[in-house]
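Everything below concerns the one structure shown next.
The values are calculated or read from the model by the stated rules, or taken from the named source; none is laboratory data. Bear in mind that the values here come from a model prediction, so they are computed numbers and not experimental data. Glycine gets a Cβ as well: all are built from the backbone with ideal geometry, and neighbour counts include every protein chain shown.
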């Protein structure tokens, strides 16, 4: 079984129909292990709430989507806690690759799972971050361009 690390951008596509949702659904339902961070829980809730604020979703739709997300995350996903051990790698990613804070933390978490023999596939709907992840040795998938 492979290990898939879903960044929040790809994770949101699982619950809100966007370009790439079909690819994300296929990956999530593939039987492979899906890993998300505790940060992704907060970011996903924030992303869906922002869609409500922009009029793309109603409050009831956000509640339904969050319920589906929480149920699946707790039952099906591995939730990786964010801890201080990721700070050094995240800072390195900021300084060397000009990543934003949350992107650097997510990629640092994915890199922390790399063992050299069974590295996770980094799933992200952002070409620039996918390129940095690939440069750092991770296999990558961009649902919007696959």
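At-a-glance table
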read-out: Residue 24 being within 14 Å of residue 79 (Cβ to Cβ), more than 10 Å from the chain's Cα centre (by Cα) and either modelled with pLDDT of 95 or more or surrounded by fewer than 17 Cβ atoms within 10 Å (Cβ to Cβ) (or both); value: no
read-out: Filter result for the condition that a residue is surrounded by fewer than 19 Cβ atoms within 10 Å (Cβ to Cβ), out of contact with any strand residue (DSSP E or B) (no Cβ under 8 Å at 6 or more places or on another chain) and closer than 22 Å to residue 16 by Cβ, over 60, 92; value: 60
read-out: Test result for residue 125, surrounded by fewer than 21 Cβ atoms within 10 Å (Cβ to Cβ) and either touching a strand residue (DSSP E or B) at 6+ places or on another chain (Cβ under 6 Å) or under 18 Å from residue 35 (Cα atoms) (or both); value: no
read-out: Tally, over region 59-92, of residues that are farther than 30 Å from residue 30 by Cβ and in contact with a helix residue (DSSP H, G or I) (Cβ under 7 Å, 6 or more places away or on another chain); value: 1
read-out: Selection within region 12-31 - within 14 Å of residue 142 (Cα to Cα), part of a loop (DSSP other than H, G, I, E, B) and out of contact with any helix residue (DSSP H, G or I) (no Cβ under 6 Å at 6 or more places or on another chain); value: 18, 19
